[in-house]
1. Under 5 Å between amide hydrogens, which residues at least 5 positions from K49 or on another chain qualify, with H placed 1.01 Å from N in the peptide plane?
2. Would you work out what percent of the accessible area of the chain, with all protein chains in place, is carbon or sulfur (probe 1.4 Å)?
3. Dimensions of the chain along principal axes (Cα, Å, largest first)?
4. Among the lysines in the chain, how many pairs, 8 or more places apart or on different chains, have alpha carbons under 26 Å apart?
5. Please check: in the Gaussian network model of the chain (C-alpha springs, under 10 Å), which one of L66, L31, L76 has the largest mean-square fluctuation.
6. Can you pull out the GluC sites (Glu not before Pro) in region 1-84 whose DSSP state is coil and whose Cβ has at most 13 other Cβ atoms within 10 Å?
7. For the chain, report the accessible area per residue in Å² (1.4 Å probe, heavy atoms, rounded to an integer).
8. If you average the C-alpha positions of region 11-25 and of region 81-109 separately, how far apart do those two centres end up, in angstrom?
Amino acid sequence: MSLDLPEGKLDDGTNIQQWDFNKLWAQQWRLVAVDDEYFRIVSLGDESKCIAVASDTADNGTNVELQTYTGGNNQLFKLVKSGSYYGIVSKCSAENSGLDVFEWSTENG
């Protein structure tokens with residue numbers, strides 16, 4: 001499964017979904033450092049667009065979407081290591097909430 005932009009849409013507010021990996025640009029992302037701790041996740045389709053927590057909140061279950069990069073806390077992420085695994089946590093959650101898939105779904109969408 002890969003992070004995916006449905007139909008390759010680059011509009012602000014486009015929902016980020018998981019989808020079977022297809023090697024297309026709509027599933028290709030770059031981690032761009034903004035300082036020594038945080039990075040933004042930009043789309044290779046338009047590197048001015050990034051993954052963002054839909055609201056600048058720490059509430060569990062908040063959606064992630066595509067936004068034009070402004071440097072907001074909801075657009076900044078950090079890698080954290082736990083044992084032999086890494087997670088991605090958001091700055092807007094004070095590094096308490098991570099990117100994950102609702103109910104560990106393995107379905108497209």
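1. S43, Y69
2. That fraction is 48 percent.
3. Cα spread of the chain along its principal axes, largest to smallest: 32, 30, 25 Å.
4. 10
5. Looking only at L66, L31, L76, the largest GNM fluctuation is found for L31.
6. Listed in order of number, the matching sites are E37.
7. Value returned for the chain: 62 Å² of accessible area per residue.
8. Computed from Cα coordinates, the inter-centre distance equals 17 Å.
The values are calculated or read from the model by the stated rules, or taken from the named source; none is laboratory data. Keep in mind the model is a prediction, meaning the values are calculated, not measured. As a convention, Cβ positions derive from the backbone with ideal geometry for all residues, glycine included, and neighbour counts pool all protein chains shown. Areas reflect the complete protein model, heavy atoms only, side chains present, ligands, DNA and RNA absent. Shrake-Rupley method; radii C 1.70, N 1.55, O 1.52, S 1.80 Å.
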